[in-house]
Amino acid sequence: MNDERPGCMSALAATFAEKVIAEHAGRQRVEPGEIVGARVDLVVCDELSFPDVITEFEQLGAERVFDGGRVLVVADHETPAPSIEAANRMAETRRFCASQAITNLLDAGTAGIMHVVIPERGLAAPGELICGYDSHMLTAGGLGALGVGVGATDTAVALAFGEIWLRVPESVQVRLRGVPSRWAAPKDVALWVCSTLGQDACLYRSLEWTGPYVERLELEGRFTLANMSIEVGAKTAAVEPDRAVEAYARARARRNFEPLWSDEGAEFAHVHELDVEGLGPLVALPHSPERSVPVAEAAGARLDQVFIGTCTNGRLGDLRAAAEVLHGRQVHPATRLLVFPGSPDVYRAALAEGLIETLAEAGALVGPAGCGPCAGIHLGLLADGEVGLATSSRNFPGRMGGGLSELYLSGPAVAAASAVAGCIASPDDVVVGSSVGVA
């Protein structure tokens, strides 16, 4: 159900995005469409993009960053360095961070995917505004923070002044009810929402995930929903922080914070009421998350490689789901399985639980914590003509290899089952013992 709300709500009520932006702009209230200057609580960048930000910073004539403790630089895209060019970029990044007393430089050994390590290290908290040179900054919304992706120039301005210009977005709610089937994870729900609403449903809007299904989710699932929101065009996204989320944040946060959420009676551009009752696992066909279908409709499609990880599905629960399917089984001899934990903390926890051993014994290649091949630049790309399946958020042409490769998307359980089968398969096909094989 797609519910268009007329502009007749309380003049005092505000949405989550409006409240956070007003608070950081020093205003009582902001309106959708306004362009305002807002202070930021954290500025984020990866090592691949940071040299461009440094150039922009210097062109501004800036000499010092606004606060070295509120800047995070993460070596997640090209670590360990795969080329001399990458090594030189990282060396430039290290020099700049040292000269500017940036205390949060996560290099090899401490680095993980920025969107995984930000909440782990207490670098963002509910009600805060963070920005960065990466399109998946809205993942912080799983924690109840407002995360926005910006370009190199805006990132440089934020580094220099601790502020960014923002156009206040309209807000949209997606209300989910129902209980999906056993193997349907939040990733499957997000793919289904993307296919149902379309990739332009929330263009430059703030997407609020709510409803009984969302309220039952643990923090990891909330991050997945927020992360996938960009695939329906959202500028930012959030889930209301409950007591468990607040407790998680308070145990880690480096600053005092105040959770914020939409007022009753706040005005939304759209409210989508959706039922996920009985929803089964899905896969997104090449070359768009919008082309998501039940796994049965793609079952049997041959796979050269399966990749489990990324800021969408590289957390501990995702590795648990994969290990559950892979336990006592072997990866198909014609298929490669790559697993990249989302952070060193995830890696260590997976080691302690025996998950890494299970994955390795099944024949998976377990790589360092980081983005891996997700962006199509590092460790495990697809060759021309090859077909892959990944737990990442997007599968546009050339995303994980050349333009002649093809990429499917799924959640971690389907990815693990497909690695065993050598083709796209449901976890039930593998775990129950069905004779699934390559088509």
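Of all residues in region 150-164, exactly one satisfies the criterion of being within 23 Å of residue 29 (Cβ to Cβ), of a type outside the set (Gly, Ala, Ser) and in contact with an Asp or Glu (Cβ under 7 Å, 6 or more places away or on another chain), namely 164. If you check 127, 147 for being in a loop (DSSP other than H, G, I, E, B), within 17 Å of residue 260 (Cα to Cα) and touching a residue at least 40 places away in the same chain (Cβ under 8 Å), only one passes: 127. Looking at residue 237, is it in the same structural domain as residue 265 (by TED's automatic domain parsing) and assigned to a strand (DSSP E or B)? The answer is yes for residue 237. Does residue 142 satisfy the criteria of being touching a residue at least 60 places away in the same chain (Cβ under 8 Å) and on the phi > 0 side of the Ramachandran plot? No. Pairing each residue of region 175-189 that is touching a residue at least 60 places away in the same chain (Cβ under 8 Å) with any residue that is open to solvent by 40 Å² or more (accessible area, probe 1.4 Å) and in a loop (DSSP other than H, G, I, E, B), provided the two are 6+ apart or on different chains, yields C-beta distances under 8 Å for 177/277; 178/277; 178/278; 179/277; 179/278; 180/277; 180/278; 181/278. Could you check, for region 317-335, whether at least one of its residues is part of a helix (DSSP H, G or I) and either under 20 Å from residue 79 (Cβ atoms) or among the aromatic types (Phe, Trp, Tyr) (or both)? Yes, some residue in region 317-335 is part of a helix (DSSP H, G or I) and either under 20 Å from residue 79 (Cβ atoms) or among the aromatic types (Phe, Trp, Tyr) (or both).
A residue that is open to solvent by 30 Å² or more (accessible area, probe 1.4 Å), closer than 20 Å to residue 122 by Cβ and not aliphatic (A, V, I, L, M) occurs somewhere in region 33-41. Within the set 292, 262, the sole residue that is outside the structural domain of residue 416 (by TED's automatic domain parsing), buried (at least 17 other Cβ atoms within 10 Å of the Cβ) and of a type in the set (Ser, Thr, Tyr) turns out to be 262. Name every residue in region 202-220 that is in contact (Cβ under 8 Å) with a residue 60 or more places away in the chain and assigned to a helix (DSSP H, G or I), in order of residue number. Result: 213, 219, 220. Selection within region 373-389: residues that are among the hydrophobic types (A, V, I, L, M, F, W, C) and closer than 15 Å to residue 339 by Cβ. The member of this set that is surrounded by the fewest Cβ atoms within 10 Å (Cβ to Cβ) is 379. Only one entry of 367, 328 meets the criterion of being without any contact (Cβ under 8 Å) to a residue 60 or more places away in the chain and more than 24 Å from residue 109 (Cβ to Cβ), and that entry is 328. Consider region 172-193 and keep the residues that are part of a loop (DSSP other than H, G, I, E, B) and either buried (at least 22 other Cβ atoms within 10 Å of the Cβ) or among the hydrophobic types (A, V, I, L, M, F, W, C) (or both). The one that is nearest to the chain's Cα centre (by Cα) is 185.
Here is the figure for region 406-427: residues that are among the hydroxyl-bearing types (Ser, Thr, Tyr) and either under 11 Å from residue 301 (Cβ atoms) or touching a Gly at 6+ places or on another chain (Cβ under 7 Å) (or both) total 2. All told, residue 105 meets the bar of being open to solvent by 30 Å² or more (accessible area, probe 1.4 Å), in contact (Cβ under 8 Å) with a residue 12 or more places away in the chain and either basic (Lys, Arg) or in contact with a strand residue (DSSP E or B) (Cβ under 6 Å, 6 or more places away or on another chain) (or both). Go through the residues of region 266-283 one by one and say whether even a single one is open to solvent by 40 Å² or more (accessible area, probe 1.4 Å), among the hydrophobic types (A, V, I, L, M, F, W, C) and within 18 Å of residue 412 (Cβ to Cβ). No, region 266-283 contains no residue that is open to solvent by 40 Å² or more (accessible area, probe 1.4 Å), among the hydrophobic types (A, V, I, L, M, F, W, C) and within 18 Å of residue 412 (Cβ to Cβ). Of these, 309, 342, 367, which one is in contact with a Lys or Arg (Cβ under 6 Å, 6 or more places away or on another chain) and open to solvent by less than 20 Å² (accessible area, probe 1.4 Å)? The unique qualifying residue is 342.
The values are calculated or read from the model by the stated rules, or taken from the named source; none is laboratory data. Being a predicted model, the structure only gives us computed values, none of them experimental. Positions of Cβ are generated from backbone atoms using ideal geometry, with glycine treated the same way; all protein chains shown enter the neighbour counts. Remember, those area values only see protein heavy atoms, side chains included, never the ligands or the DNA or RNA. Shrake-Rupley method; radii C 1.70, N 1.55, O 1.52, S 1.80 Å.
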